[in-house]
1. If Leu238 satisfies all but one of (1) buried (at least 18 other Cβ atoms within 10 Å of the Cβ); (2) in contact with a Phe, Trp or Tyr (Cβ under 9 Å, 6 or more places away or on another chain), what's the number of the condition it fails?
2. More than 22 Å from Asp141 (Cα to Cα) and not assigned by TED's automatic domain parsing to the domain that holds Thr30: is that true of Ile338 in this structure?
3. Need the failing condition index for Ile230 against (1) buried (at least 20 other Cβ atoms within 10 Å of the Cβ); (2) aliphatic (A, V, I, L, M); (3) more than 27 Å from Gly296 (Cα to Cα), just the number.
4. I'm trying to understand the selection: among the residues of region 34-51, which are over 24 Å from Val9 (Cα atoms) and not charged (D, E, K, R)?
5. Which one of Phe205, Phe121, Phe145 is among the aromatic types (Phe, Trp, Tyr), touching a helix residue (DSSP H, G or I) at 6+ places or on another chain (Cβ under 9 Å) and more than 30 Å from Gly347 (Cβ to Cβ)?
6. Where residues in region 376-400 are assigned to a helix (DSSP H, G or I) and out of contact with any strand residue (DSSP E or B) (no Cβ under 7 Å at 6 or more places or on another chain), which of them is nearest to Ser25 (Cα to Cα)?
7. Being of a type in the set (A, V, I, L, M) and more than 14 Å from Glu154 (Cα to Cα) is the filter here; which residues of region 10-28 pass it?
8. Would you pick out the residues in region 112-128 that are on the phi < 0 side of the Ramachandran plot and of a type in the set (Gly, Ala, Ser)?
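The values are calculated or read from the model by the stated rules, or taken from the named source; none is laboratory data. Just so it is clear, the model here is predicted, and its values are computed rather than measured. FYI the Cβ positions are ideal-geometry reconstructions off the backbone, even for glycines, and counts take in every protein chain you see.
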Amino acid sequence: MDNIYDLIVVGAGPAGMMAAGKAASLGLKTLICEKNSKPGRKLAITGKGRCNITNNCDIKTCIENVTSNGSFLYGALNNFSPENTIDFFESAGLQLKTERGNRVFPLSDKAGDVVNTLINFVDNSGAEIKQINVKQLIIKDGCVFGVKDENGNEIYSKNVLVACGGKSYPRTGSTGDGYHLAKQAGHTIISPVPSLVPITSKDDFCSQLQGLTLKNTGLKVIRKRDNKIIYTDFGEMLFTHFGISGPMVLSASAHIDDPNDNKYEISLDLKPALDKEKLDARILRDLTKYINKDIGNSLFELLPKSIIPVVLKKAEISPDEKCNSITKQQRIKLGNVIKDFAINVSGFRPIEEAIITKGGVNTKEITPKTMESKLCKGLYFAGEVIDVDAYTGGFNLQIAFSTGVLAAESIAADIFFE
């Protein structure tokens, strides 16, 4: 009987630990199989080590921030909302704080405290965590009966929850194992691609501007083939040796289907608070103030110093040209560049640098009210392994918690009321 359980959870990430703790607290004999020596390795590095647990918003706003298959999550989020997540962690003794954009962090700014809270939840619930590398599902007549590890050892359960993440941050063990397990049950996998990932550009000026952070900047993603704006944002970004990164850029990446071959362009509005007329008046004021100086040394009150040569080059104005010789046409062109600073997209950084994976188990093959497979009885999915993803801001972890809780409660209901 030692290798027979009511529920086997594959993966000790946020979805897996939340689900296992919930299931065990409802009376299920529960085992988490985790291939790493420690649970929550990926969770421990999220949010630059601070861990953005959730977003302090309502369910409607949460759904609006899901970029793939948001409607699939209505049941899960209504069952376990961001408010429920906040209550869960605070009741467990973890102090929280809400920052800009309603992002919720531990007061300590330590992701490790979030991991420890979940581990304690699992331990106190009576669930077990064992270092087991699951390689195969045991399936008979369309029903799951357990799992096999890498050595061929069998562990039995009529309920298996696959919650072992996607393919981002593979050094933490997130290497796409869940996709292989899902395929064994006949599931379709929407091809995994990096999402919430820095964007590369072959434009030389990006590396020249490496380290420059822009705040209060407007951003648009433009699809070149039809010149259509497919995403807009406002906030912070930075230039890097390979292209661009930062919160706005990561969110923008979720809307770029094919980043290769310059099919998309990022347009920055460096002065979003000024329309073109007001910007022209501001430029004229600065030119008048420094009338006898080179224009390259006269825009430092308007723009960051390092970006001035790049803006002037785009506007085809020599930095050595005197302010008193700048024509109205040159001013207008300069203003247009400031309002539409174009960056050509050449690709994404590797999936190893992505915050999440876009793609995964097809949601059409999962029952949204329970998270159970429509193809294999007793098989459930939760978290990033499913083809659902969202913007930065705590929404992706909320998805993990919500789908994990719903799966656990659905399994418990099925066992006790079958």
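1. In the conditions (1) buried (at least 18 other Cβ atoms within 10 Å of the Cβ); (2) in contact with a Phe, Trp or Tyr (Cβ under 9 Å, 6 or more places away or on another chain), Leu238 misses (2) alone.
2. Numbers: more than 22 Å from Asp141 (Cα to Cα): yes; not assigned by TED's automatic domain parsing to the domain that holds Thr30: yes.
For Ile338, the condition - more than 22 Å from Asp141 (Cα to Cα) and not assigned by TED's automatic domain parsing to the domain that holds Thr30 - is met.
3. Going through the list (1) buried (at least 20 other Cβ atoms within 10 Å of the Cβ); (2) aliphatic (A, V, I, L, M); (3) more than 27 Å from Gly296 (Cα to Cα), Ile230 breaks only (1).
4. Gly47, Gly49
5. From the options Phe205, Phe121, Phe145, the qualifying one is Phe121.
6. Ala400
7. Just the residues of region 10-28 that are of a type in the set (A, V, I, L, M), to begin with: 10, 12, 15, 17-20, 23-24, 26, 28.
Within region 10-28, Ala12, Ala15, Met17, Met18, Ala19, Ala20, Ala23, Ala24, Leu26, Leu28 meet the criteria.
8. Just the residues of region 112-128 that are on the phi < 0 side of the Ramachandran plot, to begin with: 112-125, 127-128.
The answer is Gly112, Ser125, Ala127.
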